[in-house]
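All remarks here apply to the structure that follows.
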Amino acid sequence: MSLLALRAISKSFGPTRALDGVHFALAAGEVHALVGANGAGKSTLARIISGHLRPDRGAILLDEKPLRLAGSRDAIRHGIAMVTQETTLAPDLSVLENIMLPRLGLPGRLRWSAWRAEAAGLTAQLDQTAMLPLDAPVRQLAIGQRQIVEILKALALESRIIIFDEPTASLSPLESERLFTIMRRLAARGRGLIFVSHRLEEIFAVTDRITVLREGRVVANARPTVDLVPGELVRLMVGRELSDVYARAGGGGAQKNQNMVLEVSHLASPPVVRDVSFVVRQGEIVGLAGLVGAGRSETVETIFGLRRATGGEVHYLGAPFRPRHPREAIRAGIGFIPEDRRGQGIVPDFSVRENLLLAHLGGHRGIGLAYGARNAAIAELMGLLDLPARRLLDANMLNFSGGMQQKVILARWLLLEPKLLLLDEPTRGVDIGTRSGIYALLRRIAAGGVAVVVVSSDFEEIIGLADRIVVLSDGVTVSELPGGQVDIEHLAILAAPRSSAAGIRALLGDLVAAAGGIAYWIGVEGERLVCFDRVGDNQAADPGFAVGGLLPVAASAIPAALTAARGELVREADGSRQSLLIALTGRRGHDLGVIGITLPGAAPAPDGPALRRRISAGLAAWAADDAEARAA
Amino acid sequence: MSAMARTLLHRLASEIELRMLLLTVVVMAGLAMVSPYFLTLNNLLNVMDQSVVVGMVALGQTMVILIGGIDLSVGSLAGMTGIILGLACKPLGLGGAIALCLGVGALAGLINGLIITFGRVAPFVVTLGMMSIARSMAYVISGANSIGDLPPGLGALSSSDVFGLPLNFAILLVIYALAWWFLARAKGGRTLYAIGSNAEAARVAGLSIRLWSVAAYGLSGVMSALAATFLASRILSIDPIGGNGLELDSIAAVVIGGASLFGGRGAIVGTLFGVFIMVFIRNGLNLLNVSPYWQGTAIGAIIIAAVLLERVLSARRS
């Protein structure tokens, strides 16, 4: 019997359908992950369960009895609480006062001594007595501690269902670990927990079952976590079918001899962008793929002058380019469509016409507006974008659908005839119909000689659209692939979040300096392997794979080492190479791939145990650094 | 309801200028009915004269409120720059004194703007501080004495006529016409609206949001000093308490004129009508022999009513 069940829940916002017939069941005593890409509807679902939103259709059953929630207070009354990264605590009140805050709204006397005893009991239940002084003002607490106060508040209300919505987004590893321990403990005491996150490692570390949403529908219903692997989960999140919306206009793609428009090498912009390199040629669409937090948006924002670069170089049209301000980028012929359309794109008090002319105004030199000079170009663009000029231009931007708004923002930049167009999640919140129109338009723009960079979390979109795909993970470029030919699984393995790609690279360098040969970091999924990074150039030690390559284990030059047990020095059957591989595991025990070193077979046999110790020590140092860096 | 009436209603709801014009006419008609003296030439000239000082300050205040800020220092700045004007007339001559007065106003406004924009301090706090500083400086510089004995040339600013209009009122109209052009047709003006409406989107589109934010406060400082000049020319005497209350009158005029205190919405013509409405009401109450103590209540009620009306209309729009 399930604690909570959702039957055929649907919810629309204006023309956008956020949830479409979603079924979901939560059992007592489990931690249930709710997973999906951006815009999949997981937060909407969480907000429906917590009473913040009301579903258009469908039923909610609590203990198999129908439940109608009038609001979040109502949900709390029924024992449903939500913990988010932005806590709803009163910062100037003490921990105790915050835990008991809901009772201040009830009639009757304040019974602080009884409440103090109760709060102390709850704190002890979670084993937090030493960590959480009840009289400290909440303002003094770290974010992780505040979340624990939020949890205690939920427990004081005798909540049976607790939703954790991206709770770890700003927590240090230690704090996350503590939170997970508490979550497991709550589940063990018979509560039902819903965990919303996009961090795969955490999902595998803490949850019992996983429900995956994609574009408002359930694509995997309550699958046991142990039956899934990260690659499979990512594939479920991002979809696999390549529909005809991406239909290529024959040939497509830039030739090698086209002019280089943008060359980015080792770009760094802390804290997120650490080492990003890629190039874009005239007429080419390059996709920046990766998961949330990989540094894709930050990379394009740095190129556009919205963030400061601290390292590396950007060459634009052959000359070094480092804009201090978006205006410089605009005048140089660069356009940028931000991810957050409402926050960074639309000026709500301006008409559509003036929104369309905003970048013109930003790039314009002179005192006046020179709007009139753009009338012909606007008329032409409205036709190109299939926008109804008469109905549109003098109206308010916010009256129109997301797709229409995005077209106007696109027109804002096309008006300036850019040489380089940067687009961050260009189809976020855009309906499917308009999407294919935008794809076709981007192709046409590229065919006209514009260099286009598209950032997208939607792997299907990026594979369908981009001529080349650059994969980022943790702020580092990990791979570059031709578009169209790559499959989603391949991309998913490459993009899977890996902590500290830069730290691993340093370790590989150390290994090669000490022992020679070639050191590498690979992921092995069944019969296939993918190479994340590789250091060293000794041809005789070549393991048979390059960075970003996906190939069968048997096709590499070291199949024996790859199939043998980890931690042993393995000599290949033909004696040409000897390799030592060590599994890389995360702090919570999940697979992060394999670190290996291959030496020529002819080289004197290295001291295996010493080499192993060296790798282990390097990994330990890396893990410590990593933890420290994240805590700070 | 006929289609024409519906169109008219729609335009009334969507266009501040039209709404303010109508409101002003209604107020005038009402006052003309209750007091036969209201529409006489003498009284109208009097009303024009009274709207000059608050009108100038309200113009600068409009720019600041459009970017979502507020300038509480305008009244004190008028006091301080007026004292500087009075003291500088003898050593510098009238022209030099006016230039110095406007320069000091600009400088104080720019200091406001720089601290607010680059120091990221709330405009309310910074201009509140400047309000206190400027008033205190007015007393320090003047030794807490009034300054009389101003050159007659200064008085000519308020006593001469041009094309049948009082010169000071004509200057006010010219400045408002320039401001209208700036806000509607110049890059800087549109930038002010964009900053108040969504500063981040303006930044991404390459607009110079810091430059124009500072400029708005600088302009407000200049307008305060200009108001001080016309205030002095009217009574040919300067008092360190001069300009007291102008901050509230100017904010009231802007708000009655339909601007949003959150920025991004408002019109310079609306502010001008807002000034007229305030002056009319004061004048009308005087004509009706209502105790001046009641004027605050009347003006306060109008401010609240105007904002409520704006709220209702914007709710209808969205």
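Give me the residues in segment A:324-364 whose solvent-accessible area, probe 1.4 Å, is reduced by at least 40 Å² once all protein chains are included instead of the chain isolated. Relative to the lone chain, where solvent access is computed with a 1.4 Å probe, segment A:324-364 loses at least 40 Å² at A:Arg327, A:Gln344, A:Val347, A:Asp349, A:Phe350, A:Leu358, A:Leu361. The distance from the alpha carbon centre of segment B:81-96 to that of segment B:112-190 is 15 Å, rounded to a whole number.
Could you work out, residue by residue across A:40-50, how many beta carbons of other chains sit within 10 Å of that residue's beta carbon, and then give the average as an integer? Could you put the intermediate results ahead of the total?
Values: counts 0, 0, 0, 0, 0, 0, 0, 0, 0, 0, 0.
Mean partner shielding for this stretch: 0.
Across segment A:86-120, the residues whose backbone nitrogen lies under 18 Å from the label position 7 Å along the beta-carbon direction of A:Arg139 are A:87-99. Spatially, segment B:214-228 and segment A:288-308 are offset by 41 Å when compared through their Cα centroids.
For segment B:41-317, the square roots of the Cα gyration tensor eigenvalues, ordered a ≥ b ≥ c, give a/c of at least 1.5 with a/b no greater than b/c, which places it in the oblate category.
The aspartates and glutamates whose alpha-carbon is closer than 13 Å to the alpha-carbon of B:Lys187, local same-chain residues fewer than 8 away aside, are A:Glu354.
At a Förster radius of 60 Å, what calculated FRET efficiency corresponds to the Cβ-Cβ distance of A:Gln258 and B:Val307, to the nearest 0.05?
Details: r = 59 Å, r/R0 = 0.98.
Given R0 = 60 Å and the Cβ-Cβ separation, E is 0.55.
Candidate cross-link partners of A:Lys65 among the lysines, defined by an alpha-carbon separation under 22 Å and a same-chain spacing of 8 or more, comprise A:Lys11.
If one computes the Cα centroid of segment A:345-393 and of segment A:97-168, what distance in Å separates the two points? Centre-to-centre (Cα) distance: 53 Å. In the protein assembly as shown, helical runs assigned H by DSSP with n ≥ 4 each contribute -39500 (n - 2.57); averaged across all residues and rounded to the nearest 500, the mean residue ellipticity at 222 nm is -15500 deg cm²/dmol.
Of the residues B:Ala177, B:Gly148, B:Tyr293, the one whose Cα sits farthest towards the positive end of the charge dipole of chain B is B:Ala177 (charges of +1 on Lys and Arg Cβ, -1 on Asp and Glu Cβ, taken about the Cα centre).
Rounded to the nearest 5, what is the percent of antiparallel bridges among the DSSP beta bridges in the protein assembly as shown? Mind showing how you got there, number by number?
Details: 71 of 108 bridges.
Beta bridges within the protein assembly as shown, antiparallel portion: roughly 65 percent.
Can you give the % of DSSP beta bridges in segment A:4-228 that are antiparallel, to the nearest 5? DSSP beta bridges in segment A:4-228 are roughly 55 percent antiparallel. Taking a ≥ b ≥ c as the square roots of the Cα gyration tensor eigenvalues, with a/c under 1.5 meaning rounded and otherwise prolate when a/b beats b/c, else oblate, which class fits the protein assembly as shown? Since a/c reaches 1.5 and a/b is larger than b/c, the shape of the protein assembly as shown is classed as prolate. Note that segment B:177-193 has calculated 3J(HN,Hα) couplings of 5, 4, 5, 4, 4, 4, 6, 9, 10, 10, 4, x, x, 5, 5, 4, 4 Hz, one per residue in order, obtained from phi through the Karplus relation 6.51 cos²θ - 1.76 cosθ + 1.60 (θ = phi - 60°); glycine and proline are x. Loop-located chymotrypsin sites (Phe, Trp or Tyr not before Pro) in segment B:223-310 (DSSP state other than H, G, I, E, B) with a sparse environment of at most 14 neighbouring Cβ atoms within 10 Å: B:Phe262.
Find which of B:Ser220, B:Ser35, A:Val314 sits farthest along the positive direction of the dipole of the protein assembly as shown, computed with +1 on the beta-carbon of Lys and Arg, -1 on that of Asp and Glu, about the Cα centre. The residue sitting most towards the positive pole is B:Ser35.
Per-residue extension of 0.36 nm, minus the Cα-Cα distance of A:Glu64 and A:Leu398, leaves a gain of 116.1 nm for this segment.
Within straight-line reach of A:Lys407, meaning a Cα separation under 21 Å, sit the following lysines at least 8 residues removed in sequence or on another chain: A:Lys419. Note on A:Ala540/A:Ala447: beta-carbon distance plugged into 1/(1 + (r/R0)^6) with R0 of 45 Å gives a FRET efficiency of 0.45. Each residue, B:Leu45 and B:Ile141, gets one label point 7 Å from its Cα in the Cβ direction; the gap between the two is 3.3 nm. For the protein assembly as shown, which whole percent of the accessible surface, found with a 1.4 angstrom probe, sits on carbon and sulfur atoms? Ligands and nucleic acids excluded, carbon and sulfur reach 58 percent. Under the convention that each Lys and Arg Cβ holds +1 and each Asp and Glu Cβ holds -1, the size of the dipole of the protein assembly as shown around its Cα centre is about 1560 debye. Determine which residues of segment A:304-323 fall in the zone a paramagnetic label at A:Glu480 would reach in this model, i.e. backbone nitrogen under 18 Å from the point 7 Å along Cα→Cβ. Label zone hits: A:312-321.
Could you work out how much longer the chain between A:Arg189 and A:Ala602 gets when fully extended? Use 0.36 nm per residue separation minus the Cα distance between them, nm to one decimal.
Working: separation 413, 0.36 × 413 = 148.68 nm, distance 6.00 nm.
Residue separation times 0.36 nm, minus the Cα-Cα distance, leaves 142.7 nm.
Take the Cα of B:Val162, step 7 Å toward its Cβ, do the same at A:Arg7, and the gap between the two points is 8.0 nm.
With a 1.4 Å probe, what is the total accessible area buried between chains B and A, in Å² rounded to the nearest 100? Intermediate results must be reported in sequence, preceding the final value.
Working: alone 14880 and 26970 Å², together 39930 Å².
Interface area, both chains combined: 1900 Å², rounded to the nearest 100.
Evaluated with a Cβ-only charge set (Lys, Arg +1; Asp, Glu -1), segment B:225-318 carries a dipole of roughly 360 debye about its Cα centre, given to the nearest 20. Once C-alpha pairs closer than 8 Å and six or more residues apart are averaged by separation and normalised to the residue number of segment A:395-440, the relative contact order reads 49 percent.
Can you list the chymotrypsin sites (Phe, Trp or Tyr not before Pro) in segment B:112-181 that are in a DSSP coil and have 10 or fewer other beta carbons within 10 angstrom? Before the final figure, lay out each step's value.
On the way: sites: B:Phe118, B:Phe124, B:Tyr139, B:Phe163, B:Phe169, B:Tyr176, B:Trp180, B:Trp181; in loops: B:Phe163.
Counting only loop positions with at most 10 other Cβ atoms within 10 Å, the chymotrypsin sites (Phe, Trp or Tyr not before Pro) in segment B:112-181 are B:Phe163.
The values are calculated or read from the model by the stated rules, or taken from the named source; none is laboratory data. What you are looking at is a predicted structure, and each value in this text was computed from that prediction instead of being measured. Here Cβ is always computed from backbone atoms with ideal geometry, including for glycine, and neighbour counts include all displayed protein chains. Just so you know, the surface numbers come from the protein's heavy atoms only, side chains and all, with ligands and any DNA or RNA stripped out. Shrake-Rupley method; radii C 1.70, N 1.55, O 1.52, S 1.80 Å.
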